[in-house]
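Right, one structure below, let's go through it.
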């Protein structure tokens, strides 16, 4: 149904182009010993904005602490 709608709105090339892009992006992978995330394919399929449970509670430090090490030092000074 989606392909039929895309073909009517944008032309017959659009479903074919999307299919080829999905096929190409799913074939791009890292070497076998590394985990592939397939970010480009997730972006094409609009799945890149989903926030899963693992994304929220991954056990990693907050991004702010990783990007600005002086901030934690400043916060410790301001508390005392």
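A few comments on the model shown:
- Test: residue in the range 65-78 that is modelled with pLDDT of 85 or more, assigned to a helix (DSSP H, G or I) and either at positive phi or out of contact with any helix residue (DSSP H, G or I) (no Cβ under 7 Å at 6 or more places or on another chain) (or both): no
- The C-beta contact set for the range 17-46 (first residue under 27 Å from residue 4 (Cβ atoms), second residue at pLDDT 90 or above, distance under 8 angstrom, 6+ apart or interchain) comprises 41/22; 44/18; 44/21; 44/22; 45/22.
- Set 11, 59: member being modelled with pLDDT under 60 and on the phi > 0 side of the Ramachandran plot: 59
- Enumeration of residues in the range 15-49 that are at pLDDT below 80 and surrounded by 12 or more Cβ atoms within 10 Å (Cβ to Cβ): 36
The values are calculated or read from the model by the stated rules, or taken from the named source; none is laboratory data. A quick note: this is a predicted structure, and the numbers were derived from the prediction, not measured. For neighbour counting, all protein chains shown are included, and Cβ atoms are generated from backbone atoms with ideal geometry for every residue, glycine included.
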